[in-house]
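Chemist: One structure coming up, written as structure tokens, with questions to follow.
The values are calculated or read from the model by the stated rules, or taken from the named source; none is laboratory data. Everything numeric here is computed off the predicted structure, so don't read it as measured data. Virtual Cβ from ideal backbone geometry, glycine too; neighbours counted across all protein chains shown.
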Amino acid sequence: MTTNSTTTITATPCGHDRHGNPLAARRYVVDGRREDWGEGRTRVFEHRPDLEFGDGMRFTPIVVHTDSIREEPHPTEHDVAAAFAILREFHRH
């Protein structure tokens, strides 16, 4: 299944690093699907540009701690215009 609707979240993946420490929170671009896996876990589907082929975007499942999911706001048209204004200033100097 492919979709073109994505959102950006910050979430802590389930699991531990090679030293047994909990994994750090990460930013993910995910589609709208979320699956409750119980025990405070949710499966989200991360957009993976490296998997895109032919007919659209590809996603890979990631299991994260449900209470760690934070939606990040999408930039508004004003935010984008302000960012471009800053970049134009850098290029002028």
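Chemist: Can you report the number of residues in region 41-55 which are part of a loop (DSSP other than H, G, I, E, B) and within 17 Å of H65 (Cα to Cα)? Show your work before the answer.
Modeler: Residues of region 41-55 that are part of a loop (DSSP other than H, G, I, E, B), as a first pass: 48, 52-55.
Narrowing the set further to residues that are within 17 Å of H65 (Cα to Cα) leaves none.
Going through region 41-55 one residue at a time, the tally reaches 0.
Chemist: Would you say T8 is polar (S, T, N, Q) and either touching a helix residue (DSSP H, G or I) at 6+ places or on another chain (Cβ under 6 Å) or modelled with pLDDT of 95 or more (or both)?
Modeler: So T8 does not fit the description; no.
Chemist: Now a separate question. Out of all the residues in region 4-29, which are farther than 30 Å from G54 by Cα and in a loop (DSSP other than H, G, I, E, B)?
Modeler: Within region 4-29, T12, C14, G15, D17, R18, H19, G20, N21, L23, A24, A25 meet the criteria.
Chemist: Any chance region 51-67 includes a residue that's more than 13 Å from the chain's Cα centre (by Cα), closer than 19 Å to L23 by Cα and surrounded by 12 or more Cβ atoms within 10 Å (Cβ to Cβ)?
Modeler: Yes, the conditions are met somewhere in region 51-67.
Chemist: Another one. Could you list, in sequence order, all residues of region 32-45 that are more than 14 Å from A11 (Cβ to Cβ) and under 12 Å from the mean Cα position of the chain (by Cα)?
Modeler: G32
Chemist: In region 30-40, what residues are assigned to a loop (DSSP other than H, G, I, E, B) and not charged (D, E, K, R)?
Modeler: Hit for region 30-40 is G40, nothing else.
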